[in-house]
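The values are calculated or read from the model by the stated rules, or taken from the named source; none is laboratory data. This is a predicted model, so every value here is computed, not measured. Don't worry about glycine lacking a Cβ; one is built from the backbone with ideal geometry, like all the others, and counts go over all protein chains shown.
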């Protein structure tokens, strides 16, 4: 895989405050990297350094082999960048704004017109093309931001919270746009919507307090959870004790715990040993002992839990 | 160079999408007229000369140029568009010069809109057109110097009011610096060479000699180097404060 973005020990200090603390990572062509982290974790600062808006205090950021500190204009020409909140010149119409961006990006005349037409169709901006940006809805404004970022068909795209504040339909649209472009580009997307990571990202990193806390596919991240692949059973309280006793001795089960649910039934959680698949085992134990149950399911765990367990304690969990 | 012009073009168009440009030009023309005829006593002088007209330019610029300059960078920072602008493949200098150029051209448009007074004085008498032409050029250069100060102040704050007042204050010092009012303040503590430098950088003194028909190369160099200095300072300020 061709490396497109390479961060090496990238740091940013604002006076005594350390916003980004030695982040190293690479993003290859065809990858969509999700940047996760609580607010203020350093996601935007990191993106701004790669985009050439902020200069790093130490470390390097390279895009297609060009160091942003030495060749800022070159790097900026290879990047499509959408800043948080996608600020654009509100007194301009969508068309004149995109024409301006096209000109700065080196497209002019007929070529610019054709390309703007293409992008506007792709991003569904036709209806508002001659409207002034300040009267557009948040969803349209975000799409204008996206349109300017992909106008020059850059090999690397950096999108800071592209779906923030959008309704579910608009989110879905933005995600499918990202998926469509993914194969040809390296894309970095920051978000704190975790379902988005599973939906569009091939890989995710979790950032907290300016540090890189985790890096992997969403499956890798889920695997760090103790409840990952645990099997849950819901039974009536009278059979709970015998069920727990039987399940504790079942092969591949490392631990069993139970809680009483709000409706009075009992939920039993069986944690697997390592990567063991225990759904079938648990099922047959229940059937063999004719224990009645109302639910039986495997818990994948969710990224929310990963996120909380990694970021809530800060450095302790790193 | 190409980028510079693209930035300037966008900026200049921006002036005319709101009524601000027309209001500014109208007020500039009205005020130059009012000053010339009422305070300058244009008719009573009985001379075919635009000296009373030009002599009020430094004072008008003191008020109006900071108003043009105040939004140049403050607004970009306040609305966050500075992040959009500076992540485009341009240098900070392109952006600073482009925006300055647009504002300067805009001042030029306002200045050009005063041309009826030239026609008036030509109709009434036989003025020295060379002096008037030179004075227009001098006035335009002076506007650029005022503007470069305003641009720098605008880059230092995201608050337009502070940018306006800061620019007006610094412009005032440079306008008046040949006069005792300002020089006495510096004489109290500054070394004498510095006082001489301040005295020599008075916009008012330089511009007055231009309106009398004497424009030396060093006056042109003075205004141009003023602009160069303040625009360089602007570039440094934009780079240092863009994220704040």
Check your understanding: Could we say that residue B:22 is away from chain A (no Cβ under 14 Å) and either under 17 Å from the mean Cα position of the chain (by Cα) or at pLDDT below 90 (or both) here?
Key -> no
Check your understanding: For the subset of segment A:23-64 comprising residues that are free of Cβ contacts under 8 Å to residues at least 60 places away in the same chain and more than 14 Å from chain B (Cβ to nearest Cβ), which member is farthest from the chain's Cα centre (by Cα)?
Key -> A:58
Revision key, fill the gap. Selection over segment B:200-221 where residues are touching a residue at least 24 places away in the same chain (Cβ under 8 Å), outside any helix (DSSP H, G or I) and closer than 15 Å to residue B:128 by Cα yields a count of 3
Point to revise | Count - residues of segment A:76-95 that are more than 7 Å from chain B (Cβ to nearest Cβ), within 16 Å of residue A:43 (Cβ to Cβ) and surrounded by fewer than 24 Cβ atoms within 10 Å (Cβ to Cβ) | key: 1
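Let me confirm something: among B:197, B:210, B:236, which residue is more than 15 Å from the chain's Cα centre (by Cα) and either under 17 Å from residue B:103 (Cα atoms) or buried (at least 22 other Cβ atoms within 10 Å of the Cβ) (or both)?
Details: B:197 fails: either under 17 Å from residue B:103 (Cα atoms) or buried (at least 22 other Cβ atoms within 10 Å of the Cβ) (or both); B:236 fails: either under 17 Å from residue B:103 (Cα atoms) or buried (at least 22 other Cβ atoms within 10 Å of the Cβ) (or both).
Criteria check complete, one pass: B:210.
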Review point. What is the one condition in (1) more than 22 Å from residue B:37 (Cβ to Cβ); (2) surrounded by fewer than 22 Cβ atoms within 10 Å (Cβ to Cβ) that residue B:112 does not satisfy?
Key: (1)
Check your understanding: Restricting attention to segment A:33-53, and to residues there that are assigned to a strand (DSSP E or B) and surrounded by 24 or more Cβ atoms within 10 Å (Cβ to Cβ), which single residue is modelled with the lowest pLDDT?
Key -> A:36
Point to revise | Residues within segment A:204-234 that are outside any helix (DSSP H, G or I), under 19 Å from residue A:23 (Cβ atoms) and in contact (Cβ under 8 Å) with a residue 60 or more places away in the chain, tallied | key: 12
Revision key, fill the gap. For segment B:109-135, the count of residues that are assigned to a helix (DSSP H, G or I) and touching a helix residue (DSSP H, G or I) at 6+ places or on another chain (Cβ under 7 Å) equals 8
Check your understanding: Could you list, in sequence order, the residues of segment A:101-127 that are under 24 Å from residue A:179 (Cα atoms), more than 14 Å from chain B (Cβ to nearest Cβ) and part of a helix (DSSP H, G or I)?
Key -> A:114, A:115, A:116, A:117, A:118, A:119, A:120, A:121, A:122, A:123, A:126, A:127
Study note, to complete from the structure: Checked against (1) within 11 Å of chain B (Cβ to nearest Cβ); (2) in contact with a strand residue (DSSP E or B) (Cβ under 9 Å, 6 or more places away or on another chain); (3) surrounded by fewer than 15 Cβ atoms within 10 Å (Cβ to Cβ), residue A:160 satisfies every condition except (3)
Practice item. Under 8 Å between Cβ atoms, at least 6 apart or on separate chains: pull out the pairs that start in segment B:180-197 with a residue that is at pLDDT below 85 and end on any residue that is not in a helix (DSSP H, G or I). Key: B:183/B:177
Study note, to complete from the structure: Within segment A:65-75, residues being away from chain B (no Cβ under 11 Å) and part of a helix (DSSP H, G or I) number 0
Review point. Mind checking whether some residue in segment A:122-131 is closer than 16 Å to residue B:7 by Cα, surrounded by 14 or more Cβ atoms within 10 Å (Cβ to Cβ) and in contact (Cβ under 8 Å) with a residue 12 or more places away in the chain?
Key: no
Check your understanding: Looking at residue B:28, is it modelled with pLDDT of 90 or more, in a helix (DSSP H, G or I), crowded, with 19+ Cβ neighbours inside 10 Å and more than 12 Å from every other protein chain (Cβ to nearest Cβ)?
Key -> yes
Point to revise | Residues that are closer than 20 Å to residue A:300 by Cβ, touching a strand residue (DSSP E or B) at 6+ places or on another chain (Cβ under 6 Å) and outside any helix (DSSP H, G or I), drawn from segment A:262-282 | key: A:267, A:268, A:269, A:270, A:271, A:273, A:278
**Study point:** Among (1) within 14 Å of another protein chain (Cβ to nearest Cβ); (2) touching a residue at least 12 places away in the same chain (Cβ under 8 Å); (3) under 25 Å from residue B:17 (Cβ atoms) - the single one residue B:157 does not satisfy
**Key:** (1)
Review point. Residue A:193: in contact with a helix residue (DSSP H, G or I) (Cβ under 9 Å, 6 or more places away or on another chain), surrounded by 20 or more Cβ atoms within 10 Å (Cβ to Cβ) and closer than 20 Å to residue A:36 by Cα, yes or no?
Key: no
**Study point:** Selection count, segment A:197-246, where residues are surrounded by 20 or more Cβ atoms within 10 Å (Cβ to Cβ), touching a helix residue (DSSP H, G or I) at 6+ places or on another chain (Cβ under 9 Å) and under 21 Å from residue A:157 (Cα atoms)
**Key:** 7
Exercise for review: Read through the list (1) under 21 Å from residue A:4 (Cβ atoms); (2) without any contact (Cβ under 8 Å) to a residue 60 or more places away in the chain; (3) part of a loop (DSSP other than H, G, I, E, B), then give the number of the only condition that residue A:166 fails.
Suggested key: (1)
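Just checking, which of B:50, B:97, B:86, B:64 is in contact (Cβ under 8 Å) with a residue 40 or more places away in the chain and within 14 Å of chain A (Cβ to nearest Cβ)? Spell out the reasoning first.
Details: B:50 fails: within 14 Å of chain A (Cβ to nearest Cβ); B:97 fails: within 14 Å of chain A (Cβ to nearest Cβ); B:64 fails: within 14 Å of chain A (Cβ to nearest Cβ).
When all the criteria are applied, what remains is B:86.
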Practice item. Test residue A:56 against the criterion of being at pLDDT below 90 and surrounded by 15 or more Cβ atoms within 10 Å (Cβ to Cβ), and give yes or no. Key: no
